[in-house]
Amino acid sequence: MVGPDGRHAGRATATALLVAATTAVAVGWRAPLPVVLGAIVCAGVGRVRVGLLVALLGLVAVGRADSAWAGLTPDHLGHFGGWAHVVDEPQRSAGAARVILEIDGERFEVWVRGRAAQQRVGRWRAGDQVLVAGERTALDDDRRDRVAWQHVVGDFAPDWLSDSRAGAPLAVASNRVRALVQRGASVLPADQAALARGLVIGDDRDQPPDMVQRFRDSGLAHLTAVSGQNVALLLAAAGPLLSRARPFARWALTLAIIGWFVVLTRAEPSVLRAGTMAALSATAFALGREREAVRSLAVAVTVLLLADPLLARSVGFWLSVGATAGVTGIGPALARRLHRLGPLAMPVAVTLGAQLGVAVPSLLVFGRLSLIGTLANLVAVPVAGLVMLFGLPACLLAGAVPVIAPVVVAPVAIGVRWVDAVATVAAAAEPPAPWSWLGWIVLALAVLSVATLRRRDTPVR
């Protein structure tokens, strides 16, 4: 039997989910009709206040989305010569280096070819100021849609790339920390060092194409993107410091740590989601309010899409949201059905929940959903979590004191080798279609069988 508090919490969560869904639809369609229909349905079932909230935030979302898309039309094209702002570190792809520069307040995509030019650009860091000259042109519609989530408005073809200078103090500080992590991980072989940086701070720029592919095929690609697990482990590590502070100071320090980690990991969509959820949870704890994960996720999605409607174009954002929804919403309910698995019930349920949560975006974008990924995650995620927890302080210490680096980073090396080995075996074992679909059917039947056994064995009261 559910008490009044439980019913109230359930209604609050349902309202948050409805508002998040309406906001997502409004941002995606940029049309008021779905918002109006949602408000009418709410009013029709007696939830007038919820309907008004849906209508208000939905219409705000439509206006924000229209404004964001209008902002993708460049105000300035043609020749430019002067100082530009580096938005993020260059990434190598297909024999070229891609970097996003902010010029006159607008973001332009730059593709740099040639070894000498790539070496020069490779030294750039997010926040740096660089002296460049070249031509700004508009993007075609297809390319604009692909990079819209990064707020890129055009293409910049460089004539020359010259000096660079450090940017704002916060950018300089984060770059120094990332440089220490890179220096500490550099005692590992190149591939392992790249994977270690991906697990610790989400820096996957130097991962070779074959590694990227096998992590995708094995369903483990999410490990190299910063997630809620990274944020939770960071706050757990800071727990002894936070526990000694007064309530307000603890809350402020928690938000500061979360904000710093978001800056350090370059505010990727997945870490924005994770950081916002963590900030909401910390605020609820400080206020003595209930912390409900599904509700926090819904509120985080609403807040982020209202703040930046173009996040709706990010596949990484929806994969992160879907995985979190699966872990927090589907996982616990499924674990109760799989109690016969004993200690494995929760890990299996959470893994299956995460896989179901990312099913839609994975199928729409990649055309497949890894079958073997369920088992691969069970085997790899615990070890990857240890690497995330130990890897950041270990790499920082190794970078600061190179003499002890091989010893300090040795546990990280073991963990990285294990995760990569799991990805290699899982990618090789992943069956092709239609066998993978047949495997999912068999897995679904097995889960249903275990759940049915529970109901049969439950005594009648």
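So the values come out like this:
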quantity: Strands (runs of 3 or more DSSP E) fully within region 32-134 counting 1 or more residues that are among the small types (Gly, Ala, Ser); calculated: 78-86, 91-93, 96-103
quantity: Number of positions in region 303-330 that are crowded, with 22+ Cβ neighbours inside 10 Å and not hydrophobic (A, V, I, L, M, F, W, C); calculated: 4
quantity: Residue list for region 203-217, filter: under 18 Å from the mean Cα position of the chain (by Cα) and touching a residue at least 24 places away in the same chain (Cβ under 8 Å); calculated: Asp203, Arg205, Phe215, Arg216
quantity: Residues of region 42-63 satisfying the condition of being within 20 Å of Val301 (Cβ to Cβ) and of a type in the set (Val, Ile, Thr); calculated: Val50, Val54, Val60, Val62
quantity: Enumeration of residues in region 220-232 that are open to solvent by 40 Å² or more (accessible area, probe 1.4 Å) and farther than 16 Å from Trp318 by Cα; calculated: Gln229, Ala232
quantity: Residue check for Leu369: among the hydrophobic types (A, V, I, L, M, F, W, C) and in a loop (DSSP other than H, G, I, E, B); calculated: yes
quantity: Single unsatisfied condition, Val62 versus (1) buried (at least 19 other Cβ atoms within 10 Å of the Cβ); (2) more than 27 Å from Ser174 (Cβ to Cβ); (3) in contact with a helix residue (DSSP H, G or I) (Cβ under 7 Å, 6 or more places away or on another chain); (4) touching a residue at least 40 places away in the same chain (Cβ under 8 Å); calculated: (4)
quantity: Answer residue from region 23-58, given it is open to solvent by 90 Å² or more (accessible area, probe 1.4 Å), more than 21 Å from Gln150 (Cβ to Cβ) and not β-branched (Val, Ile, Thr) and is modelled with the lowest pLDDT among those; calculated: Arg47
quantity: Yes/no for Arg183 being open to solvent by 70 Å² or more (accessible area, probe 1.4 Å) and more than 30 Å from Ala421 (Cβ to Cβ); calculated: no
quantity: Members of region 416-437 that are among the aliphatic types (A, V, I, L, M) and assigned to a loop (DSSP other than H, G, I, E, B); calculated: Ala433
quantity: Failed criterion for Leu241 (all others in (1) modelled with pLDDT of 90 or more; (2) farther than 25 Å from Arg216 by Cβ; (3) not charged (D, E, K, R) hold); calculated: (1)
quantity: Hits in region 137-151 (condition: assigned to a helix (DSSP H, G or I), touching a residue at least 40 places away in the same chain (Cβ under 8 Å), open to solvent by 20 Å² or more (accessible area, probe 1.4 Å) and not basic (Lys, Arg)); calculated: Asp145, Trp149, Gln150
quantity: Out of Gly134, Gly154, Gly127, Gly167, sole residue that is under 14 Å from Ile103 (Cα atoms), surrounded by 15 or more Cβ atoms within 10 Å (Cβ to Cβ), of a type outside the set (Phe, Trp, Tyr) and at pLDDT below 95; calculated: Gly127
quantity: Sole exception among (1) of a type outside the set (Phe, Trp, Tyr); (2) assigned to a helix (DSSP H, G or I); (3) open to solvent by 20 Å² or more (accessible area, probe 1.4 Å); (4) over 28 Å from Thr452 (Cβ atoms) for Arg340, by number; calculated: (4)
quantity: Boolean, Gly385 is within 24 Å of Ile201 (Cα to Cα) and out of contact with any Lys or Arg (no Cβ under 6 Å at 6 or more places or on another chain); calculated: yes
quantity: Residue under evaluation Leu188, criteria (1) of a type outside the set (Lys, Arg); (2) assigned to a loop (DSSP other than H, G, I, E, B); (3) more than 30 Å from Ile372 (Cβ to Cβ), criterion not met; calculated: (3)
quantity: Candidate set from region 308-330 (those that are farther than 20 Å from Val231 by Cα and without any contact (Cβ under 8 Å) to a residue 60 or more places away in the chain); member that is nearest to the chain's Cα centre (by Cα); calculated: Val315
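Rundown of residues vs (1) under 29 Å from Arg183 (Cα atoms); (2) open to solvent by less than 20 Å² (accessible area, probe 1.4 Å); (3) in a helix (DSSP H, G or I); (4) not hydrophobic (A, V, I, L, M, F, W, C), yes/no style:
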{"position": "Leu352", "(1), (2), (3), (4)": "no, yes, yes, no"}
{"position": "Val381", "(1), (2), (3), (4)": "yes, no, yes, no"}
{"position": "Leu396", "(1), (2), (3), (4)": "yes, no, yes, no"}
{"position": "Val403", "(1), (2), (3), (4)": "yes, no, yes, no"}
{"position": "Pro411", "(1), (2), (3), (4)": "yes, no, yes, yes"}
{"position": "Ile414", "(1), (2), (3), (4)": "yes, no, yes, no"}
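The values are calculated or read from the model by the stated rules, or taken from the named source; none is laboratory data. Keep in mind the model is a prediction, meaning the values are calculated, not measured. Neighbour counts run over all protein chains shown; Cβ positions are idealised from the backbone, glycine included. For the accessible areas, the whole protein counts, side chains as well, though only heavy atoms, and no ligand, DNA or RNA atoms are used. Shrake-Rupley method; radii C 1.70, N 1.55, O 1.52, S 1.80 Å.
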